[in-house]
Amino acid sequence: MADSRAPAAGGAGPPAASQDPAATGAPAAWRRAAAWAADRESHGARRWVQVALGVIWLLDAALQYQPYMFTRAFPTQVIEPAGAGSPGFVAHPVVFAGQLMLHNEVAFNALFATIQLAIAVGLLWRPTIRAALTGSIIWGLLIWWLGEGLGGVLTSSASPITGAPGGALLYALVAVLAWPPRSPAADGTSVAAGSPLGGRWARIAWLALWGSGAYFLLLAANRAAGALRATITGGGDGEPGWIAGAERGAGSLIGTHSSAVTIGLAVLFAIIAAGVFVPGATRPALVLAVITAAAIWLLGQSLGEIATGQATDPNTGPLLILLSAAYWPLVRTRRRPRESPAMPAQEAASRS
């Protein structure tokens, strides 16, 4: 006699245990997050800009791990003075951040340096590029406000020679420009044009950056007699002899013509700012930008003072050069279609 408990012929057996939605949902969420964080499509110039930004963040992290940064001198002599001369809504949060760090400057600085190291590693590793670019934008803007006092742009003496509008802002801008394109077809005529900003707004960002530099140079404090010479020659303290010597040489060349040279630099900045709007002038303008940024980095910023043991970042010079690379027009080459084995026979038949 057949056992009534046996499954009917052709049956599916006992019902399978129902799966927990939370158990299946969590891996799916992780997969979606991992897919978003990665960037496996960027190549060529865009990938090189991402890697270069990662290297600069790596240098930034190394500078943040210096012994000087783990002392009370970092919040009191680096952070708090950054808000001097700025309006209250800028200066007060900067001072608050410095005072907060004094509760445990070692822990806070270790956290800052590790965040910057994580961003650097993320940019160099494809599975985390998009997440690292997001971190670069957010962290860069936070540092720009609370660590640099908005780069001093709201003071009466901001100058691109010494780092205005702030290196942290440029970290964020480069990250936006290096963002992965939506599709290979959306990768534009330059890295900047293929960014979420698009060609038009990317050029406007360039205009704002270099145009504001021209404006800052024309401020009364920067046009004053001897101001440019004093800025350049006063930055060599604690630097290697060859940097200090280069700055003294530049100061000697400027001599008593600081005001005229400053106005000439403002005109140069304006030309660079407008050059990207003229197709035939784009490359010459970008070359001028690279040369100007390199000169500023050496003579005005003492290579970011990275040899002193007290620098928090390499300043704006390298980032301006990297930005120029992001705007460089790309040459598109058409890929020849692969010939199938049948193609030669078809061509021979067509000739006959």
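Annotations
- One residue stands out in the stretch 269-278 among those that are surrounded by fewer than 21 Cβ atoms within 10 Å (Cβ to Cβ) and in contact (Cβ under 8 Å) with a residue 40 or more places away in the chain: the one that is nearest to GLY213 (Cα to Cα), namely ALA270.
- Checking each residue of the stretch 272-285 against the condition of being within 18 Å of GLU305 (Cα to Cα) and in contact with a Leu (Cβ under 6 Å, 6 or more places away or on another chain) gives no match.
- Enumeration of residues in the stretch 116-155 that are of a type in the set (Phe, Trp, Tyr), in a helix (DSSP H, G or I) and open to solvent by 60 Å² or more (accessible area, probe 1.4 Å): TRP145
- The stretch 102-115 - residue that is open to solvent by less than 40 Å² (accessible area, probe 1.4 Å) and more than 25 Å from the chain's Cα centre (by Cα) and, of those, farthest from TRP57 (Cα to Cα): LEU102
- Test: PRO165 is open to solvent by less than 40 Å² (accessible area, probe 1.4 Å) and modelled with pLDDT under 95: no
- Screening ASP313 with (1) in a helix (DSSP H, G or I); (2) buried (at least 16 other Cβ atoms within 10 Å of the Cβ) gives one miss only, at (1).
- Entry remark, the stretch 283-310: residues being on the phi > 0 side of the Ramachandran plot and either modelled with pLDDT of 95 or more or part of a helix (DSSP H, G or I) (or both) number 4 in total.
- Which numbered condition HIS92 misses (of (1) over 22 Å from ALA311 (Cα atoms); (2) surrounded by fewer than 20 Cβ atoms within 10 Å (Cβ to Cβ); (3) touching a residue at least 24 places away in the same chain (Cβ under 8 Å)): (3)
- The combined condition, being at negative phi, β-branched (Val, Ile, Thr) and open to solvent by 60 Å² or more (accessible area, probe 1.4 Å), is fulfilled by VAL55.
- Residues of the stretch 225-274 satisfying the condition of being of a type in the set (Val, Ile, Thr) and farther than 23 Å from VAL290 by Cα: THR256
- Residue within the stretch 255-262 that is among the β-branched types (Val, Ile, Thr), open to solvent by 20 Å² or more (accessible area, probe 1.4 Å) and closer than 24 Å to LEU58 by Cα present: no
- Within the stretch 78-88, tally of residues that are more than 25 Å from the chain's Cα centre (by Cα) and either outside any loop (DSSP other than H, G, I, E, B) or closer than 30 Å to VAL55 by Cβ (or both): 1
- Scanning the stretch 106-163 for residues that are hydrophobic (A, V, I, L, M, F, W, C) and at positive phi yields one hit, LEU150.
The values are calculated or read from the model by the stated rules, or taken from the named source; none is laboratory data. The structure presented is a predicted model; accordingly, all values stated were derived computationally and were not measured. For neighbour counting, all protein chains shown are included, and Cβ atoms are generated from backbone atoms with ideal geometry for every residue, glycine included. These accessible areas exclude ligands, DNA and RNA; they are computed on the full protein's heavy atoms, side chains included. Shrake-Rupley method; radii C 1.70, N 1.55, O 1.52, S 1.80 Å.
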